[in-house]
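Worksheet: the structure to be examined is printed underneath.
The values are calculated or read from the model by the stated rules, or taken from the named source; none is laboratory data. Note that this is a predicted model, so its numbers are computed, not measured. Note that we place each Cβ from the backbone using ideal geometry, even for glycine, and neighbour counts take in every protein chain shown.
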Amino acid sequence: MSAHRLRQRGAAPSAVTSRAVCLGLALAALVCLATGYNDWVLHNTLLVGNHFPYVAIAAILALALVVNQLLRRFSPAAALSGG
């Protein structure tokens, strides 16, 4: 249900949407797949082997700075918004 419809019915919109949860789960699965492939197949340096996983931060930054800006330009309704 859209935030506009929720406001009409008097209910407060949720800060966490199902789209945000699905996007987070998809990115987490992608990082897990990339980590396994990188570590066991390519035998490269560990992607998420320390306390500050750079790959996860890079994915969030790419999503926020690149993908979201493209969505705002070409499809504003699909862009992520601040809650």
*Hey, among the residues in the stretch 7-38 that are exposed (fewer than 12 other Cβ atoms within 10 Å of the Cβ) and outside any helix (DSSP H, G or I), which one's modelled with the highest pLDDT?*
Val16
_Looking at Leu47 and the list (1) over 18 Å from Ala78 (Cβ atoms); (2) free of Cβ contacts under 8 Å to residues at least 12 places away in the same chain, which single condition is not satisfied?_
(2)
*Are any residues in the stretch 64-83 more than 16 Å from Ala20 (Cα to Cα), surrounded by 11 or more Cβ atoms within 10 Å (Cβ to Cβ) and of a type in the set (S, T, N, Q), and if so, which ones?*
Gln69
